[in-house]
Each structure stands twice: as structure tokens, then as C-alpha cells.
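Notes follow the structure.
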Amino acid sequence: MSSKEADRISAAQQTLDTLYEISQLLNTQLDKEMLATCVGMIESGVNPEALAAVVQELRRETAATQNAHSDVR
């Protein structure tokens with residue numbers, strides 16, 4: 001690996017670490033893997049507001065499913 005490539009990877013990791021710290025402060029409940037996936041999708045052209053809406057909807061559906069399962073028990 002060239003030093004230029006290593007510098008690029010290091011800078012990307014530092015950026016992700018900084019974004020993760022910000023996401024923790026904002027209580028987004030995204031782990032680093034989910035955050036990296038979201039960043040990659042946005043970099044690929046996905047609308048950030050639409051992505052946020054999908055994440056929120058998935059969280060609502062997950063909570064509803066978990067509540068339904070706990071009511072059955």
C-alpha cells in the first residue's frame with residue numbers, strides 16, 4: 001500500500017471517528033457500522049432526509065414488533 005493510500009484511509013477513519021462522536025452527542029443511537037453505511041449511502045447520492053426518514057420508520061417498526069412479541073409472552 002502506498003503512503004498516499006494509507007494517508008487517505010487514515011483520514012477517512014478519522015472522519016468517521018469524528019462523525020461517530022458527533023452522533024453520540026446527538027444521541028442518534030447509530031453504531032459505527034450503521035453510521036459508516038449511512039455515510040456511504042449519502043456519498044453515493046442517497047437523499048439524507050429520505051435516509052433519516054427510513055431509519056426512523058425502521059426504528060418505529062422494530063419497537064412495534066418488540067412490543068407485540070412482549071405482549072404475547
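Only the coordinates and a few stated rules stand behind these numbers; no lab work does. Fair warning: this is a prediction, and the values are worked out from it, not measured in the lab. Virtual Cβ from ideal backbone geometry, glycine too; neighbours counted across all protein chains shown.
Applying the criterion of being under 13 Å from LEU16 (Cα atoms) and among the small types (Gly, Ala, Ser) to the residues of segment 36-55, the residue that is surrounded by the fewest Cβ atoms within 10 Å (Cβ to Cβ) is GLY40. The residue that is surrounded by the fewest Cβ atoms within 10 Å (Cβ to Cβ), among those in segment 6-35 that are under 15 Å from ARG59 (Cβ atoms) and polar (S, T, N, Q), is ASN27.
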